[in-house]
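Notes follow the structure.
The values are calculated or read from the model by the stated rules, or taken from the named source; none is laboratory data. These numbers come from a predicted model, not from an experiment. Counting neighbours? That spans all protein chains shown, and the Cβs are built from the backbone with ideal geometry, glycine included. These accessible areas exclude ligands, DNA and RNA; they are computed on the full protein's heavy atoms, side chains included. Shrake-Rupley method; radii C 1.70, N 1.55, O 1.52, S 1.80 Å.
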Amino acid sequence: RHGGAGRTRRAQLLLHQRTQPVLINHRPLPTRTNGSSAPCANERYSTEQEHVVARGRSKQGVIRRIVEHNRLNGVVFSTIEFVLVAAGAAFIAVGMGIHHHLAGVILACGIALNSLMIVGFGAVAWSRGERGTPLIQVFSPAGRARLTQEHPTLMSDTLIVAAATLFPYLLSALVAGEAGRRTLGRGS
């Protein structure tokens with residue numbers, strides 16, 4: 001009977017998960033006409049995060065981290081922050097180009113491209129009407145404590161996004177790879 005109690009508890013949790021409505025961003029997922037809470041393959045969700053969770057994909061993908069980073073830190077703040085990083089990297093690339101340092105140009109352009117990926121996700125969120133956390137909450141100690149308590153992975157996700165941005169072309173490659181897997185996974 002080694003591990004029997006653990007298996008029973010896991011089975012109970014799985015049964016509970018199947019019988020309870022699935023909530024994404026405090027809203028139930030659309031249900032099929034037969035009452036099943038399983039999402040239909042052709043249904044659309046309002047955010048990428050909802051789509052990823054509904055399709056059963058990993059919740060730890062880099063796209064999810066970028067979208068959530070932008071939302072929790074404020075869409076405008078995150079977008080402006082990475083516009084400045086991209087501009088700084090472009091400035092460095094121009095300086096390196098003037099001095100004929102090809103490696104420096106390539107590296108700085110990679111950082112600028114990574115930053116523009118985050119800016120792109122911010123622009124899409126802004127165009128959808130998403131504003132994220134108000135800036136006053138992001139910078140107030142009480143608001144930051146509440147955000148950290150409600151979203152315990154916020155700091156680690158922010159560090160992952162920032163580190164991936166500073167490694168030339170890494171963030172761009174991760175996003176492209178994840179988007180490619182999603183496209184291939186749909187059978188398109």
Return yes when SER172 is at pLDDT below 95, exposed (fewer than 13 other Cβ atoms within 10 Å of the Cβ) and in a helix (DSSP H, G or I) and no when it is not.
no
Index of the failed condition, GLY132 passing every other in (1) part of a helix (DSSP H, G or I); (2) crowded, with 20+ Cβ neighbours inside 10 Å
(1)
Condition test on ALA164, is it among the hydrophobic types (A, V, I, L, M, F, W, C), open to solvent by 40 Å² or more (accessible area, probe 1.4 Å) and either in a helix (DSSP H, G or I) or out of contact with any helix residue (DSSP H, G or I) (no Cβ under 8 Å at 6 or more places or on another chain) (or both)?
no
Would a scan of segment 138-148 turn up a residue that is within 24 Å of GLN60 (Cβ to Cβ), at pLDDT 95 or above and surrounded by 13 or more Cβ atoms within 10 Å (Cβ to Cβ)?
no
Do we find a residue being out of contact with any Cys (no Cβ under 8 Å at 6 or more places or on another chain), exposed (fewer than 15 other Cβ atoms within 10 Å of the Cβ) and among the hydroxyl-bearing types (Ser, Thr, Tyr) anywhere in segment 112-127?
yes
Please work out which residue is surrounded by the most Cβ atoms within 10 Å (Cβ to Cβ), limiting yourself to segment 149-161 and to residues that are under 15 Å from the mean Cα position of the chain (by Cα) and part of a helix (DSSP H, G or I).
VAL161
One residue is enough: does segment 68-77 have a residue meeting the conditions at pLDDT below 95, open to solvent by 30 Å² or more (accessible area, probe 1.4 Å) and of a type in the set (Val, Ile, Thr)?
yes
Count - residues of segment 81-91 that are open to solvent by less than 90 Å² (accessible area, probe 1.4 Å) and free of Cβ contacts under 8 Å to residues at least 60 places away in the same chain:
7
